[in-house]
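Read through the structure below, which is laid out as structure tokens, and then see the notes.
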Amino acid sequence: MRGIYIHIPFCLRKCPYCDFYSVTLDRSLSEQYIDALIRNFRADKYRGLCADTVYIGGGTPSALPAELISKLMEGVYKNFSIAENAEITIEANPCTVSDDKLAAYRASGINRISFGVQSADDRELKALGRLHDFDTAERAIEGAQRAGFDNISADMMIGLSGQSERDVLNSAERLTALPIRHISAYMLKIEPNTAFDNDKLKASLPGDDKVSDMYLSLCKFLEGKGFYQYEISNFAQTGFESRHNIKYWRLEEYIGFGPAAHSLFDKRRLRVPRDLRGYISAPLQTELPEEEPFDERVEYIMLSLRLREGLDMQRLSALVGSSSAQKLKERAAAFEKHGLCRLSDGRVSLTPEGFLVSNSVILEFLCAVGLA
Ligand code: SF4
């Protein structure tokens, strides 16, 4: 079954490090936008589409009034065949939820909520330009639990200006004391043309070695708290991994709706242009530009190695031939000696130390099979 991604390109205010596609929330525009999404759900191309995951991301979906999200979910159920046990996620900013909103999400079928908490340290939150403090995040998470969410995720960030390893572990400690099942931990990356893209800010960031130490300590700490690392940046209690995001890494198909949304659909990588007004005024988004041609061999190596389960040698052999697969295995065995790889049960995977240098390791693997 496929996944459905729905992009909500509205935020209350732009965070200085963010380059996701979003504009400032506008009530009338958001109403027109939800209508445009539902119009697209009805397109012939998607008729009969079956999905077992739906992900409402952004942007800040929770900035929208609850009735618009309920309308959106009605559109989803009416136009697609959604599995009974589907995972249906909404991303939320802690300062934009209320008990009523959370109850409305549950009533509309949403069963997973992912909060952009980022840190438990109010100074760090302020420096990130976030609108919430940690108390607000705690209240939002507890409110979600009261509303009946059993599957709650929180994002956190590492590598922030002035941040120490201790600060990272403090945030992790306070987050894991809350009723959450899943943590995504991202390293701050300075994206071009964002407000953070300036020399002064860059000079204040911890160096690579420090960030690597933070990452490895965090992985160890979270494992000790029962959040196992199932992907480079993702940790979960068993059974609470993000089923939707796993589709991306396993190269399963998903269709994205809304400006800037990506899809892997009928073995083609498609992308909706980053143009909200154009999306609203266009009749349908069905003729989408294709991104670079989909090369399953390259993508399988690159994406499967983000997961702790790693790549399956049988599938790799089917894709690149057994002698190339054998060459990759030999490289992996060399990396294993340095603690970067694991080889077991017919699979090759990276260790947390390997994740830190995954770009170089993957490049070596691609060279080994003749794809780079
Ligand atoms: S709330 Fe999220 S999507 Fe919106 S600007 Fe901030 S980081 Fe980006």
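Nothing in this text is a laboratory measurement; each read-out follows from the coordinates by a stated rule. All values derive from a computational prediction rather than experimental measurement. FYI the Cβ positions are ideal-geometry reconstructions off the backbone, even for glycines, and counts take in every protein chain you see.
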Show which lysines lie in cross-link reach of Lys220 when reach means a straight Cα distance below 20 angstrom and same-chain residues fewer than eight apart are skipped. Lys210
Cα-centred dipole magnitude for the chain, charges only on beta-carbon of K, R (+1) and D, E (-1), debye, nearest 20: 400
Ala154 long-range amide H proximity, modeled H, under 5 Å: Phe115, His182, Ile183, Ser184
Name every cysteine in the chain that ends up alone, with no second cysteine's Cβ under 4.7 Å, or say none. Cys11, Cys50, Cys95, Cys219, Cys341, Cys367
With unit charges on the beta carbons (Lys and Arg positive, Asp and Glu negative) and the dipole taken about the Cα centre of the chain, which residue among Ser349, Thr89, Gly370 sits farthest to the positive side? Gly370
Using θ = phi - 60° and the Karplus form 6.51 cos²θ - 1.76 cosθ + 1.60, what ³J(HN,Hα) does each residue of segment 88-99 get, whole Hz, x for Gly and Pro? 10, 10, 10, 8, 9, 9, x, 8, 10, 10, 9, 4
Packing-ranked peptide list from 356-362, 289-295, highest mean Cβ count within 10 angstrom first, is 356-362, 289-295
Computed P(r) (all Cα pairs; segment 2-248; 10 Å bins; percent): 7, 31, 36, 20, 6, 0
For the chain the mean separation of alpha carbon contacts under 8 Å (6+ apart) over residue count, i.e. relative contact order in percent, is 15
Identify, among Gln314, Tyr105, Gly116, the residue whose Cα sits farthest towards the positive end of the charge dipole of the chain, taking +1 on the Cβ of Lys and Arg and -1 on the Cβ of Asp and Glu, with the dipole about the Cα centre. Gln314
If the viscosity is 1.306 mPa s and the temperature 10 °C, what translational diffusion coefficient in µm²/s does Stokes-Einstein give for segment 223-372 when Rh comes from Kirkwood over Cα pairs? 94
Per residue of segment 276-293, in order, report the coupling 6.51 cos²θ - 1.76 cosθ + 1.60 (Karplus, θ = phi - 60°) as ³J(HN,Hα) in whole Hz, putting x for Gly and Pro. 4, 5, x, 5, 5, 7, 6, x, 8, 9, 6, 9, 9, x, 8, 6, 4, x
³J(HN,Hα), Karplus 6.51/-1.76/1.60, whole Hz, each residue of segment 23-37, x for Gly, Pro: 10, 5, 4, 9, 4, 5, 5, 5, 5, 5, 5, 4, 4, 5, 4
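Could you work out the relative contact order of segment 194-267? I mean the mean sequence separation of Cα pairs under 8 Å and 6+ apart, divided by the number of residues, in percent. Each step should come with its number before you reach the end.
On the way: 40 pairs, mean separation 8.9, N = 74.
Across segment 194-267, relative contact order equals 12 percent.
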Sort segment 1-140 into rounded, prolate or oblate with this rule: let a ≥ b ≥ c be the square roots of the eigenvalues of the Cα gyration tensor; rounded if a/c is under 1.5, and if a/c is not under 1.5, prolate when a/b is larger than b/c, oblate otherwise. prolate
